[in-house]
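K.L.:
Shown below is the structure under consideration.
The values are calculated or read from the model by the stated rules, or taken from the named source; none is laboratory data. Because the structure is predicted, anything quoted here is derived from the model rather than measured. All Cβ positions, even for glycine, are placed from backbone atoms using ideal geometry, and neighbour counts span all protein chains on display.
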């Protein structure tokens, strides 16, 4: 199994206008496991202090049909968006060759996207299809995935940071050496946000480590 990290221009995926309107914008698209392409990455975490400018840019960006909801924190903001049909078609074409989208981050007008492929043949088919659409991309890395890679692929960066901070500060020890309120203060987010990150991160990590349990639960 291969993990491919590629860099592609915003125009080849989404948020070309927003990245131009707010040059310093940094976006992490939170992956959601779902059968519908529309729901692969509808949740955006954006680290930028100019949130008014960010929201105006998102609302004006043609790659977004609607900003459904938004929540601001001290150093980041969360946006739930509905993608335009063009974006949905692009994502669908990228994963059409049996690829799985693992992570997507936008910075400097360029997306860094991580895909998982079963083998080199699938990756080559993906690369050919990408070229057929007249988009260029830079291959940053192509590596064999280890078990630890597989176990962590469902965690977002925010979830990983929260879980690591909780472990380092003794949240999981008995007795606990810190509280969620203290973790929230340390990370500069709300108590509700840290609780949600820990809950979802723990759930994703458990199900990724014990896939059989998730399959039996859904059957």
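K.L.:
So residue 84 passes all but one of these: (1) in contact with a helix residue (DSSP H, G or I) (Cβ under 9 Å, 6 or more places away or on another chain); (2) at pLDDT 85 or above; (3) on the phi < 0 side of the Ramachandran plot. Which condition number does it fail?
P.N.:
With respect to (1) in contact with a helix residue (DSSP H, G or I) (Cβ under 9 Å, 6 or more places away or on another chain); (2) at pLDDT 85 or above; (3) on the phi < 0 side of the Ramachandran plot, residue 84 is out only on (1).
K.L.:
In region 167-204, which residues are surrounded by fewer than 18 Cβ atoms within 10 Å (Cβ to Cβ), assigned to a loop (DSSP other than H, G, I, E, B) and within 26 Å of the chain's Cα centre (by Cα)?
P.N.:
169, 172, 188, 190
K.L.:
Select from region 118-164 the residues that are over 24 Å from residue 41 (Cβ atoms) and at pLDDT 80 or above and list them in ascending order.
P.N.:
119, 120, 121, 124, 144
K.L.:
Ok, one more. Give me the pairs, please: first residue somewhere in region 100-125 and at positive phi, second residue anywhere and surrounded by fewer than 17 Cβ atoms within 10 Å (Cβ to Cβ) and assigned to a strand (DSSP E or B), beta-carbon distance under 8 Å, and either six or more positions apart or on two chains.
P.N.:
109/9
K.L.:
Would you point out which residue out of 168, 215 is more than 19 Å from residue 102 (Cβ to Cβ), modelled with pLDDT under 85 and outside the structural domain of residue 29 (by TED's automatic domain parsing)?
P.N.:
One residue alone meets the criteria, 215.
K.L.:
Another one. Of all the residues that make up region 56-89, how many are out of contact with any strand residue (DSSP E or B) (no Cβ under 9 Å at 6 or more places or on another chain) and under 28 Å from residue 117 (Cβ atoms)?
P.N.:
3
K.L.:
Okay, moving on. When you scan region 88-141, how many residues do you find that are touching a helix residue (DSSP H, G or I) at 6+ places or on another chain (Cβ under 9 Å) and assigned to a helix (DSSP H, G or I)?
P.N.:
Residues meeting the conditions: 10.
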